[in-house]
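Read the figures in this text as sums done on the coordinates, not as results from a lab. Source: prediction; values computed, not measured.
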Amino acid sequence: MNVKNKTVLITGASSGIGKEFATQLAGKGASLIITARSEDALNKLASQLEQEYTGIWVKVIPLDLLESNSPQTLFSTIKTMNISVDYLINNAGFGQFCEFTNEKFSRYQQMITLNINALVELSHLFLPEMKKNNAGGIINVASTGSFQPLPYQAVYGASKAFVLSFSEALSGELLESNVHVMALCPGMTESNFMDNANADTSSMKLSSAHDVVKTGLDAFGKKRIFIVAGLMNYLTSLVPRLVSRQRTVSIVVNMLKNTVKTTNK
């Protein structure tokens, strides 16, 4: 994946996988536009990357993608900077470990807004210029949960199944172009995501964000339409192909029922 002197927009870039994307891409010579809610964390990251890597720049746009019209605001802000986005990484998203009815419906609305609506709108806004230039592409961060239902993460799992299907469909529409779309499907990863999702990680083996991002960038360079990060995660993703859907649900229940820290109301 040659991103030298290219511009990459990364959402959810203040920590975890998004921050690691910024770090590795800056190391490959890409200039960056990074966005998230935490302005301080973004400014600190931008300063670090510009000091460490010569010949790049990092623009910070603090933004909450849950706010009304925020994808359009982000797009318009970048246009006023007279910057062309070569690659988009839709990383922003969140989940929740709980029984479905133990969380407020408004929280699920936010999850769908961020995990699905914002991702689709940003893709719709930035893809036309990529197609016009016949270059660039999009990495959408999905999940190993994209491949089967996730009891105790019901809405999150469904949202990531959407991301995988949506990404593969776009990649099909672009087969005859030099624009590429890929879904990156990580498993449980070391990041703020797990704490924010109310997950008990004491019995989990977490992947490093570094390994997840490296896997994703390597796969994108090979024109993969999706990639599961980590061998064990890949093998787990194959379970729905090997057993019935009812059996799959039972297996996932046993895997996840003890990962909920507390119930929320």
Based only on the alpha carbon positions, what is the Kirkwood hydrodynamic radius of the stretch 48-149, in angstrom? 15.9
Straight-line reach check, residue 257, cutoff 13 Å on alpha carbons, 8 or more apart in-chain or any other chain, hits among aspartates and glutamates -> 99, 200
Apply the Karplus parameterisation 6.51 cos²θ - 1.76 cosθ + 1.60, with θ equal to phi minus 60°, to every residue of the stretch 232-247 and state each ³J(HN,Hα) to the nearest whole Hz, in sequence, with x for glycine and proline. 5, 5, 4, 5, 5, 5, 7, 3, x, 7, 9, 10, 5, 5, 5, 5
Skipping prolines and chain starts, which residues have an amide H placed within reach, meaning under 5 Å, of the one on residue 84, given they are 5 or more residues away or on another chain? none
In this structure, among 19/59; 44/132; 132/214; 59/205, pairs with alpha-carbon gaps over 23 Å are 44/132; 132/214; 59/205
From the phi angles alone, apply the Karplus equation (6.51, -1.76, 1.60; θ = phi - 60°) to the stretch 105-114 and give each ³J(HN,Hα) in whole Hz, x where the residue is Gly or Pro. 4, 4, 5, 5, 4, 5, 4, 5, 4, 7
For every helix of n ≥ 4 consecutive DSSP H residues, a contribution of -39,500 (n - 2.57) applies; sum these over the chain, divide by its total residues, and give [θ] at 222 nm rounded to the nearest 500 deg cm²/dmol. -14000 deg cm²/dmol
Listed by chain and number, the residues whose amide H is under 5 Å from that of residue 260, excluding neighbours fewer than 5 places away on the same chain and using placed H, are 200
Enumerate the amide H contacts of residue 58 below 5 Å, restricted to partners 5 or more residues apart or on another chain; note that Pro and chain-start residues carry no placed amide H. 32
Which label marks the calculated value of Rg/Rh (Cα atoms, Kirkwood Rh), given the options [x] 1.09; [y] 0.96; [z] 1.04? [y]
Please list, in order along the stretch 53-58, the HN-Hα scalar couplings obtained from phi with the Karplus expression 6.51 cos²θ - 1.76 cosθ + 1.60 (θ = phi - 60°), rounded to whole Hz, x for Gly and Pro. 10, 7, x, 10, 10, 10
What aspartates and glutamates could a cross-link reach from residue 79, if we take a straight Cα to Cα line under 15 Å and drop same-chain neighbours fewer than 8 places away? 129
